[in-house]
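Enquirer: Quick one: the structure is below, questions incoming.
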Amino acid sequence: MSHPVTYYCPHCETVVELQREGYLDDKSVTPYPLEGWNYVSAREDYGADDADGVRFVCGEDGSTRDPEADGCGRAFYLSFVRHGTTAAGQALGRRE
Ligand SMILES: [Zn+2]
């Protein structure tokens, strides 16, 4: 089941929102991509197996929670943690 999850743009603190599946946990939101990670846009299938995260373009990709929000037009990156793949992911899994 998916549910809305919100994130803050690290540049201007505009709130963006994604529909997320419960089995994904978030690693971090950063103003730059992590090396070697595969990011897709908020309009693509970010739940796909080969997506490691989401590349937002603040205010320009339709992801802002408030449709009136302008955003800053800069990119930022949400990186996922998948359960069991990293120590951090396993720790998150135990908490649920
Ligand atoms: Zn912004």
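A short reminder: the numbers here are calculations on the coordinates, not readings from a lab. Bear in mind the structure is a predicted one, so any value in this text is a computation, not a measurement.
Enquirer: Want the number for C12 to E35: 0.36 nm per residue separation, take away the alpha-carbon distance, what's left?
Expert: Working: separation 23, 0.36 × 23 = 8.28 nm, distance 2.34 nm.
Roughly 5.9 nm would be gained on extension.
Enquirer: Would you grab the residues whose amide H sits under 5 Å from the one on V81? Only those 5+ places off in sequence or on another chain, please, with H modelled 1.01 Å from N.
Expert: D25, D26, K27
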